[in-house]
Amino acid sequence: MSALRPLDKLPGLNTATILLVGTEDALLQQLADSMLKADCTSELKVHLARSLPLPCSVNRPRIDLIVFVVNLHSKLSLQSVEESLCHLDAAFFLGKVAFLATGAGRDSHCSIHRNTVVKLAHTYRSPLLFCDLEIEDFRAAMAQRLVRLLQICAGHVPGVSALNLLSLMRGSENPSLEDL
Amino acid sequence: METQSEEQAVTKPADSGGEGGPSQVAGAQAARPEDRMTLLLRLRAQTKQQLLEYKSMVDANEEKTPEQIMQEKQIEAKIEELENEVEEAKTAFEMKKLALDRMQLSTALKKHLEKVDIKTSVLMDNMKQILNLNKLIMKSQQETWDLEEKLLDVRKKRLQLKQASERKLLEIQTEKNKQKDDLDSMENSDKIKAIQQNLETEIQITTVIQHVFQNLILGSKVNWAEDPALKETVLQLEKNLTMI
């Protein structure tokens, strides 16, 4: 059980790998399918996991982007994500980690407050995305967005690096952080 | 303690129109040369970017990070400092790129102008149009400025008039108050009291005279109801003088 490190393996040619971590298997599977259907010039590999650490026995390619999916309806998903975060190498948080919060649409079912996730993303200095993964269109749009994010993190877009993107995305988030 | 997490992997080959995956290009004879070139250029750009990333990581790792244990607030402050440095580096870079682009543009423009006949060039037409528009803009701005000045003058005058009317109203008010005070003081003055006293005395005397006349006529046992003039006199005597 070793901590995941970015850049410890060489990248595959024209290949980008994303790791989706979350407790809701069905949602992750659906998101993975949407991502694979999305238009992309590079080869995409999507790995799904319930939690970190990942078993070392599997031979896997270099992971370019990790997305932690938190379901606002269940406290368990938040807990499992928080536990998994400890097994990640610090270098990952330079733009290769993103948080995705789903289920914000049905406010009555939400047991986790929106601010909790916002604070979590702020502590780890990573971008936070909101999406209702159960709705087809939103899922497709979010999949498209994640594909673009992944391409940049894998280094397929010349001139933009993951860190660059991180500071670009931070600009639009700042107004909401003042509420905290 | 730590649960072995399950992992699934899903893959998908690239699906852009004429381009195939790298393994397919090698074998496919049908792939057109342009597409192969595009693919190769794209892969080159990719590899360059990835190389840049690895290089920067190597450079970053050479820098020693302080290992001391800091308070969370200090860490936050440090992180913000570093983020600001990143932002500043980015802005500086963007500025330099902008300056460089401008210089390149101006040299290209210069070379273009040297080559081209000045009278007929589209560029000249554009420049003339730009100059005309600038003149119009300046004229409109001047007009706007003049109108604003006029507006300001009118407003000033209005304010002055308002202040003048305020003063006048204040004067009227003070005058009225003075009059009221005078009236009040007059009422309490001694002259009025004396006059009032005289008036009262006269009224009393007249009332007594009235009563005397009444009693005289009644005492004389004359039938005053028959004579209209006498009747009028008697009734008039009945008038209470204090009510006048």
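The requirement of being of a type in the set (G, A, S), within 14 Å of chain A (Cβ to nearest Cβ) and in a helix (DSSP H, G or I) is not satisfied by B:A108. Is one or more of the residues making up region A:76-95 modelled with pLDDT under 90, in contact with a Cys (Cβ under 7 Å, 6 or more places away or on another chain) and part of a loop (DSSP other than H, G, I, E, B)? Yes: one or more hits. All of (1) facing chain B (nearest Cβ under 9 Å); (2) touching a Pro at 6+ places or on another chain (Cβ under 8 Å); (3) of a type outside the set (D, E); (4) closer than 28 Å to B:L82 by Cα hold for A:P6 with one exception: (2). The requirement of being β-branched (V, I, T), within 14 Å of chain B (Cβ to nearest Cβ), in a helix (DSSP H, G or I) and on the phi < 0 side of the Ramachandran plot is fulfilled somewhere in region A:140-163, by at least one residue. Note on region A:18-76: among residues that are hydroxyl-bearing (S, T, Y) and out of contact with any Ser or Thr (no Cβ under 9 Å at 6 or more places or on another chain), the one that is farthest from A:V157 (Cα to Cα) is A:S57.
Within region A:24-76, the residues that satisfy the criterion of being away from every other protein chain (no Cβ under 11 Å), farther than 20 Å from A:K96 by Cα, of a type outside the set (K, R) and in contact (Cβ under 8 Å) with a residue 12 or more places away in the chain are A:E24, A:L27, A:Q30, A:S34, A:N71, A:L72, A:H73, A:S74, A:L76. Out of the residues in region B:180-219 meeting the condition of being assigned to a helix (DSSP H, G or I) and within 60 Å of the chain's Cα centre (by Cα), tell me which one is nearest to B:T233 (Cα to Cα). Here the residue is B:E187. Which condition breaks for A:S80 when tested against (1) facing chain B (nearest Cβ under 9 Å); (2) surrounded by fewer than 22 Cβ atoms within 10 Å (Cβ to Cβ)? Exception for A:S80: condition (1). In the set (1) part of a helix (DSSP H, G or I); (2) within 19 Å of A:Y124 (Cα to Cα), A:L36 fails one condition alone, (2). For region B:53-74, indicate whether the set of residues that are facing chain A (nearest Cβ under 9 Å), in a helix (DSSP H, G or I), β-branched (V, I, T) and without any contact (Cβ under 8 Å) to a residue 12 or more places away in the chain is non-empty. Checked against the condition, which is being facing chain A (nearest Cβ under 9 Å), in a helix (DSSP H, G or I), β-branched (V, I, T) and without any contact (Cβ under 8 Å) to a residue 12 or more places away in the chain, region B:53-74 yields no hits at all.
Restricting attention to region A:1-26, the residues that are surrounded by fewer than 21 Cβ atoms within 10 Å (Cβ to Cβ) and outside any loop (DSSP other than H, G, I, E, B) add up to 4.
The values are calculated or read from the model by the stated rules, or taken from the named source; none is laboratory data. Remember, it's a predicted structure, so these values are computed and weren't measured experimentally. Glycine gets a Cβ as well: all are built from the backbone with ideal geometry, and neighbour counts include every protein chain shown.
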